Amino acid sequence: MSVAVGEVLEGLPDPAHLHRVEDGGPVMILVGNRVLFEFAADDTGLRNLAAVTLTELRFGVGRVAALMGLTPG
């Protein structure tokens with residue numbers, strides 16, 4: 001894990017617990033039980049911003065793409 005990710009996620013659960021929750025309301029991207037991003041399901045701009053931010057924090061591109069329902073690339 002990079003130093004930047006360590007600083008951002010300090011005190012949060014293990015970054016391996018990155019996941020998405022969507023149950024008819026807003027989409028939430030979480031690490032453990034901590035919300036990192038929340039956006040409307042049809043808001044592709046915020047979805048893309050969250051995806052870029054996660055990859056810049058050194059979460060793997062493939063993992064982030066799968067989480068966001070995208071293809072890597």
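What follows draws every value from the coordinates through simple rules; no lab data is involved. As the structure is a computational prediction, the values presented were derived from the model and not from experiment. Quick reminder, even Gly has a Cβ in these numbers, built from the backbone with ideal geometry, and neighbours come from all protein chains shown.
I want the local charge near Pro26. Using Cβ-Cβ distances under 15 Å, sum +1 for each Lys or Arg and -1 for each Asp or Glu among the other residues.
Details: positive: Arg20, Arg47; negative: Glu22, Asp23, Glu38, Asp42, Asp43.
Its environment carries a net charge of -3.
Can you run phi through the Karplus equation (6.51, -1.76, 1.60; θ = phi - 60°) for segment 52-63 and list ³J(HN,Hα) in whole Hz, with x for Gly and Pro?
Whole-Hz 3J(HN,Hα) from phi for segment 52-63: 5, 4, 5, 5, 5, 7, 6, 6, x, 4, x, 5.
What is the calculated FRET efficiency for Thr71 to Val35, with r their C-beta to C-beta distance and R₀ = 25 Å, to the nearest 0.05?
Values: r = 25 Å, r/R0 = 1.00.
Using R0 = 25 Å, I get an efficiency of 0.50.
Provide the gained length on full extension for the span Glu22 to Thr55, in nm with one decimal, where the gain is 0.36 nm per separating residue minus the Cα-Cα distance. Can you show the working numbers first?
Numbers: separation 33, 0.36 × 33 = 11.88 nm, distance 2.06 nm.
Here the answer is 9.8 nm.
For Phe37, which sequence-distant residues (separation of 5 or more, or a different chain) have an amide H within less than 5 Å of its own amide H, given hydrogens modelled in the peptide plane?
Ile29
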